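Q: Structure incoming, see below.
The values are calculated or read from the model by the stated rules, or taken from the named source; none is laboratory data. This one's a predicted model, so the numbers in the text were calculated from it and none came from an experiment. Positions of Cβ are generated from backbone atoms using ideal geometry, with glycine treated the same way; all protein chains shown enter the neighbour counts. What goes into the accessible areas is simple: the full protein's heavy atoms, side chains included, and nothing from ligands, DNA or RNA. Shrake-Rupley method; radii C 1.70, N 1.55, O 1.52, S 1.80 Å.
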Amino acid sequence: MTLETTFFNHTFANPFMNASGVHCMTTTELVELEQSNAGAFITKSCTLNERAGNPEPRYFDVPLGSINSMGLPNRGFDYYLDYALNYEKQQTQPLFFSIAGMSAAENLEMLTMIEKSDFQGITELNLSCPNVPGKPQLAYDFEATEDLLQQVFARFTKPLGIKLPPYFDLAHFDQMAEILNQFPLTYVNSINSIGNGLYIDTQKEAVVIKPKEGFGGLGGEYVKPTALANVRAFYTRLKPEIKIIGTGGIRNGQDAFEHLLCGATMLQIGTELHKEGPKIFDRITKELEQIMTEKGYRTIDEFRGKLKTI
Ligand code: SIN
């Protein structure tokens, strides 16, 4: 029995990765992911220049998950590209490189630099950060998303995926899938956090994070049904060449199994990685293996996408 997963012409030992933003801001954290049992890993979404992000406290663990408004703190594009190029001198396994420019022009500038560089891995264009004051999540603007992707693919020829926010309406799944199917995307990553939730400390009668008067993206157990719906909706609407990375509410082997059943190929872990650290990859691979053994599956391909309806 094996968890091996083929994605972008490469076979990874298992489908598990960090979600961008968790345990991937510094090279120290990235090296810890390299040394962990994660099948693959991704860098923190970066901007052209280093950003301090939003004021603290900006991440808070809550009983059913997490709320955050980090505001894209990162060390800047060059820091992550240098790391990536160095990594590629020593490793053959593809690295995922996440970018989240503050504007279409900034995204295009970073993509042009990646295109011209020796980077051989997979780029993720994050169109869904809910935490930058004054900047709505681009992927909720369908026209702007289509326009950006047209400009992107006019100049970018390397493998590219996009990170999407959750959608909540079947008409929106249809519209977004119709746009995405026009492009040679390697993958769609569904979902980013559910934007702009509000968690309240009842005793203090106060919010728990400082930015945006306490509004922040929700992750963890809260978001799993929404994440599964988005994975399923895109798996059943996108052309088969566009793979799905399932992100949202993966805490254990059962959550992972459900994402795979909905059609995900790779799986990203955010909130639970933040809580447990990289050793989560040891636990969760064992739990998924145990479920597959109990069900008599030898490979993930035997059940991927095969969710039954009634
Ligand atoms: C953040 O830095 O605010 C989180 C990134 C994201 O949600 O895309």
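Q: In the P(r) worked out for segment 162-284, what percent of Cα pairs fall beyond 19 Å? Spell out each step's value before the answer.
A: Values: 3831 of 7503 pairs.
That fraction is 51 percent.
Q: Exceeding 29 Å between C-alpha atoms, which entries from my cross-link table qualify? They are LYS163/LYS279; LYS212/LYS306; LYS204/LYS279. It would help to have the intermediate numbers written out before the result.
A: Working: LYS163/LYS279 25 Å; LYS212/LYS306 41 Å; LYS204/LYS279 34 Å.
Long pairs (Cα-Cα over 29 Å): LYS212/LYS306; LYS204/LYS279.
Q: Taking a cut-off of 13 Å, what percent of all Cα-Cα pairs in segment 20-79 are separated by more than that? The partial results should precede the final answer.
A: Numbers: 1150 of 1770 pairs.
Summing the P(r) of segment 20-79 above 13 Å gives 65 percent of all pairs.
Q: Something else about it: When the Cα centres of segment 236-270 and segment 57-80 are compared, how far apart do they sit, in Å?
A: First find each Cα centre; the distance between them is then 22 Å.
Q: Considering only HIS172, MET1, SER98, whose Cα is most displaced toward the positive end of the charge dipole of the chain, charges sitting on Cβ of Lys, Arg (+1) and Asp, Glu (-1)?
A: Going by the charge dipole, the pick is MET1.
Q: A further question follows. Taking θ = phi - 60°, what integer Hz values does the Karplus form 6.51 cos²θ - 1.76 cosθ + 1.60 yield along segment 254-264, in sequence order, with x for Gly and Pro?
A: 3J(HN,Hα) across segment 254-264, in whole Hz: 5, 4, 5, 4, 5, 4, 5, 4, 6, x, 5.
Q: Please compute one quarter of the surface area of the Cα convex hull for segment 75-129 and express it in square nanometres.
A: So the Cα hull casts an average projection of 3.8 nm².
Q: Right, here's the next one. What percent do you get for the relative contact order of the chain when only Cα pairs under 8 Å and 6+ apart count?
A: 21 percent
Q: What is the Cα radius of gyration of segment 136-191 over 2.2 N^0.38 Å, N being its residue count?
A: On the way: Rg = 11.0 Å, N = 56, 2.2 N^0.38 = 10.2 Å.
Against the compact-globule rule of thumb, the ratio is 1.08.
Q: May I pose another question? With 25 Å as the cut-off, how large is the P(r) tail for segment 63-191, expressed as percent of Cα-Cα pairs?
A: For segment 63-191, the share of Cα pairs beyond 25 Å comes to 28 percent.
Q: I'd like the carbon and sulfur percentage of the solvent accessible area for the chain, probe radius 1.4 Å, heavy atoms only, ligands and nucleic acids excluded. Don't skip to the answer; put the middle values down first.
A: Working: 6720 of 13530 Å².
That share works out to 50 percent.
Q: Need the C-alpha centroid separation for segment 110-149 versus segment 6-48, integer Å.
A: Using only Cα atoms to place each centre, the spacing works out to 18 Å.
Q: What ratio of Cα Rg to 2.2 N^0.38 Å holds for segment 1-122?
A: 1.12
Q: Another question, if that's okay. Give, in whole angstrom and from largest to smallest, the semi-axes √(5λ) of the equivalent ellipsoid of segment 106-164, with λ running over the eigenvalues of the Cα gyration tensor.
A: Three semi-axes, in Å: 21, 13, 10.
Q: Next up: What ratio of Cα Rg to 2.2 N^0.38 Å holds for the chain?
A: Here the answer is 0.94, to two decimals.
Q: Given the DSSP H assignment, sum -39500 (n - 2.57) over each helix run of at least 4 residues in the chain and divide by its residue total; what's the result at 222 nm in deg cm²/dmol, nearest 500? Intermediate results must be reported in sequence, preceding the final value.
A: Details: 9 runs with 103 residues, N = 310.
Result for the chain: -10000 deg cm²/dmol, rounded to the nearest 500.
Q: Per the Kirkwood treatment, what hydrodynamic radius in Å, one decimal, follows for segment 223-299 from the mean inverse distance over all distinct Cα pairs?
A: 12.8 Å
Q: Run the numbers for GLN254 and LYS306: contour at 0.36 nm per residue of separation, minus the present Cα-Cα distance, in nm.
A: Full-extension gain reported as 17.2 nm.
Q: Can you work out the FRET efficiency for the pair ASN196 and ASN9, with r the C-beta to C-beta distance and R0 = 25 Å, to the nearest 0.05?
A: Values: r = 38 Å, r/R0 = 1.51.
Efficiency, from the Cβ-Cβ distance: 0.10.
Q: Probe of 1.4 angstrom, ligands and nucleic acids ignored: what's the accessible area per residue over segment 77-231, in square angstrom?
A: 44 Å²
Q: Can you compute log10 of I(q)/I(0) for segment 154-222 with the Debye formula, treating each Cα as one identical point scatterer, at q = 0.11 Å⁻¹?
A: -0.44
Q: Regarding segment 256-310, what's the average projected area of the Cα-atom convex hull, expressed in nm²?
A: 4.3 nm²
Q: Run down the aspartates and glutamates and flag those whose C-alpha is under 17 Å from the C-alpha of LYS224, throwing out any fewer than 8 positions away in its chain.
A: Leaving aside aspartates and glutamates fewer than 8 places away in the same chain, those within reach of LYS224 are ASP61, ASP169, ASP255, GLU258, GLU272.
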